[in-house]
Amino acid sequence: MCSHQPPCPPADSPDREAARTVASHPEQGWSLLCNGAVVFDDTGEILPDGRTVEPHRPVPALV
């Protein structure tokens, strides 16, 4: 799906979120990445093969 250089990481790669955004819908809370993944504002994802990734927000450190 990626046609620019350097190519974006594939959707099955751990760094898939580094891909370029090709469509952004902030009013709906999601964006489509160049690698076909859909990422949501809550950090959840839907991969091109239909698999989902649960939200993975960082946990604040206890002081």
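The values are calculated or read from the model by the stated rules, or taken from the named source; none is laboratory data. Only a predicted model underlies this, so the values are computations on that prediction, with no experimental measurement involved. All Cβ positions, glycine included, derive from the backbone under ideal geometry; neighbour counts span all protein chains shown.
Cβ-Cβ distance below 6 Å, separation of 6 or more or different chains: which pairs start in the stretch 14-30 with a residue that is at negative phi and of a type in the set (V, I, T) and end on one that is outside any strand (DSSP E or B) and surrounded by 11 or more Cβ atoms within 10 Å (Cβ to Cβ)?
Matching pairs, first to second residue: V22/C34.
Tell me which of these V39 doesn't satisfy, since it passes every other one: (1) surrounded by 12 or more Cβ atoms within 10 Å (Cβ to Cβ); (2) at pLDDT 95 or above; (3) in a loop (DSSP other than H, G, I, E, B).
Unmet for V39, out of (1) surrounded by 12 or more Cβ atoms within 10 Å (Cβ to Cβ); (2) at pLDDT 95 or above; (3) in a loop (DSSP other than H, G, I, E, B): (3).
Quickly run through the stretch 21-42 and pick out the residues that are over 20 Å from E54 (Cβ atoms), touching a Leu at 6+ places or on another chain (Cβ under 7 Å) and not polar (S, T, N, Q).
Residues satisfying the conditions are V22, A23.
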